[in-house]
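The values are calculated or read from the model by the stated rules, or taken from the named source; none is laboratory data. Predicted model only: the values in this text are computed from it and were never measured. Quick reminder, even Gly has a Cβ in these numbers, built from the backbone with ideal geometry, and neighbours come from all protein chains shown. Quick note on the areas: whole protein, heavy atoms, side chains included, nothing else; ligands and nucleic acids left out. Shrake-Rupley method; radii C 1.70, N 1.55, O 1.52, S 1.80 Å.
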Amino acid sequence: MDSVSKKITIGKAEISYDSATYIIAEIGINHNGEVDMARTLIDSAADAGANAVKFQKRHLQSLYHDDVLDHTQRFEQYFQYMIPILKRVELEEKDHETLKCYAESKGLEYICTPFDVKSAGFLAELGVNAFKISSADLTNLELIEYCSSFGKPLLVSTGMSWWDEIEKTVDLLRRCGSEFALLHCRSVYPVWPRDVNLRMINRLREFGCPVGYSGHDIGITIPLVAASMGACIIEKHITLNKRLSGPDHKISLEPFELKRLVRDIRVADQAMGKTKRFLLRGEIINRELFGKSLVAALDISPGDIFTRDKIMVKGPGKGLSPNRMDDLIGKSCHRLIRAGDYFTDEDLSEAEDSNFSTKFRTKWGLIARYDDFETMVSFSPKVIEFHLTEEDLNVNFTPVQQYQQELVVHAPEYIGEKLMDLCSADETIRRASIDLVNKTIIVGRKLSAHFSGTPIVIAHPGAMSMNAVLNKQKLKTALLASLKDIDCLGVELIFENLPPYPWYFGGAWKGNYFMSAEEISIFCQETGMKICFDLSHAALYCNAKEKDLCQYIETILPHTRHLHLADGYGLDGEGVQLGEGDIELDQVMTLFKDYQGSWVPEIWRG
């Protein structure tokens, strides 16, 4: 097998450059042969949020001559130091069984390094999901080939090895068809910063496999830098006390240090992102507010040619970008453009006479504001969704005729400089939010006389905070109380599922309720309400909580009355153009094949 997988899977965890850093807390022999100490170290790893713990397994009789084991005084000082320690700390097989079950009960993967074939066979029978190959055994091709035969991923440390030795081992792993990762390592205890040579991480990536870092350095700085360089596995020794007797304690992290390392790596994971370029919602808002557009300097009739004197650059950034000036000049105009109108992407292409609505079988719609409503209707959607601001509630807008479209009205999200929040513990805000929704419903009733069917009114439940984690049950109780005071006569009120880190007032907030598929489903069953299902919000929530988006959709879809469709990226990249985010659209969209409700694209600047 010549190809190398760019990702490996250990248990349920995928390890790749696009995944969160896989953090292994190496207990090694720092349990000092005491099972109770090993359990306490497992507790520390779980409390810190590590992914796995790692132990070591040796069958000393397979590893060393009897003379080495029985007459250490005949050998060099290091043998005299280490062999007694290894004999004293080696755990019984039943201890490994006990500790594996305990680690798994704490949500941790149990990984172990076999130093010989007999130990590898035992670990395979024990059911480990991965083998760690120590740096000392990178050239032990017999052991590596034997471990490969069990079909489990191998994590291979590369300390004390020459480059040609690494190449030979990688060649064997490829021929065995093994999933593997290479770990950059310096096999001295401790290794000083000047000798770590983290750039080797980038060179090891040339093999096309996941690359990590197994550290024998002091502190947390170097593994944190390694993670920020793209090491997708970080392995560090842990101890209860660096002053304990044994060879590895002094280069290990104590529990509080491990917790800091995991915390900081998780921050680094978020900061690393991906190579795909995208704009944050806040950037899009600022781009529109402070950016510039190409606008018509004078009236332009169909058939006219766009020339420089007919084009101006003005804010805000709602139209064609100024860097498209040269693309626009020389094109033929195929619509009436008034002075001050924005140029759009459509002005760069030839005129098309297409019936947009015939491309859709379901009730598709468009989002509108009062000032662009007639333009949106001209595309013949089946649904129009008005997104209202607080100021719009005071505007006397009356459609000029009857329309065949169904009507959706989205309630404002702001009350002055406060967020609309039907879940708020602040009674003043909660009552003002109820009043805001009731005013939106009044607008919906008034507009409904010009549209078909019963209007839908969408409201956000709220439950946002800057930093605090709010009590879900109290939020739900407040929302149910608010619902009782909302007059839904003549409309269908639906709530929208919310994102984990929404953008308000130019910054990211924290969601606390009405995000989980299960809690939304329960709410709908108890109240009989339907929801507006926002695909982008759901994807961001699933990314944040490591949930399966398809399962989320299957849970929510029976309660869905209206859809907001957009792609999403990471934890807070909502409203992304379809195909430019994380969502596997080919897989996800098949779940909507029997959906009969209405939907609109809700893409920022879309």
Checklist entry - Once the Cα atoms of helix 472-484 and of the chain are each reduced to a long axis, what angle between those two axes, in degrees from 0 to 90 to the nearest 10, is obtained? => result 10
Item to check | Point-charge dipole on Cβ atoms (K/R +1, D/E -1) for the chain, about Cα centre, debye to 20 | outcome: 700
Checklist entry - Per residue, how much accessible area does segment 211-340 show when a 1.4 Å probe rolls over the protein heavy atoms, in square angstrom? => result 49
Checklist outcome for this item: Among trypsin sites (Lys or Arg not before Pro) in segment 9-92, those in a DSSP loop whose Cβ has at most 11 other Cβ atoms within 10 Å are Lys12
Next on the checklist: Between Gln270 and Asn129, how high is the FRET efficiency from 1/(1 + (r/R0)^6) when r is the Cβ-Cβ distance and R₀ = 25 Å? Nearest 0.05.
Outcome noted: 0.40
Next on the checklist: Taking a virtual spin label 7 Å from the Cα of Val469 along the C-beta vector, which residues in segment 417-453 bring their backbone nitrogen under 15 Å of it?
Outcome noted: none
Checklist outcome for this item: For the chain, averaging the sequence separation of alpha carbon pairs under 8 Å that lie six or more residues apart and dividing by its residue count, the contact order in percent is 9
Checklist entry - What is the gain in length, in nm to one decimal, between Ser105 and Gln577 on full extension, counting 0.36 nm per residue of separation less the C-alpha to C-alpha distance? => result 165.8 nm
Checklist entry - What does the convex hull of the alpha-carbon atoms of the chain project to on average, in nm²? => result 34.1
Item to check | Assigned charges on the beta-carbon of Lys, Arg, Asp, Glu; segment 328-468 dipole about Cα centre (debye) | outcome: 540
Checklist entry - Between segment 49-106 and segment 372-443, what is the C-alpha centre distance in whole Å? => result 69
Item to check | Cβ-based charge dipole, the chain, positive-most Cα from Tyr552, Pro499, Ala181 | outcome: Pro499
Checklist entry - Using the beta-carbon distance between Lys446 and Tyr595 and R0 = 25 Å, what value does 1/(1 + (r/R0)^6) give for FRET efficiency, to the nearest 0.05? => result 0.30
Checklist entry - Which net charge results when you count Lys and Arg as +1 and Asp and Glu as -1 among the other residues whose beta-carbon is under 12 Å from that of Arg243? => result +1
Checklist entry - Measuring from centroid to centroid over Cα atoms, what is the spacing of segment 199-250 and segment 3-43 in Å? => result 12
Checklist entry - With the other protein chains left in place, how much accessible area per residue, in square angstrom, belongs to segment 1-138 at a 1.4 angstrom probe? => result 46
Item to check | Average Cα contact separation per residue, segment 1-73, under 8 Å, 6 or more apart, as relative contact order % | outcome: 26
Item to check | Rounded percent of accessible protein surface that carbon and sulfur make up, the chain, 1.4 Å probe | outcome: 49
Checklist entry - Given the Cα-Cα distance of Asp345 and Phe256 and 0.36 nm per residue of separation, how much length would full extension add, in nm? => result 26.5 nm
Next on the checklist: Per DSSP helix of 4 or more residues, -39500 (n - 2.57); summed, then divided by the residues of the chain. What does that give at 222 nm, rounded to the nearest 500?
Outcome noted: -10000 deg cm²/dmol
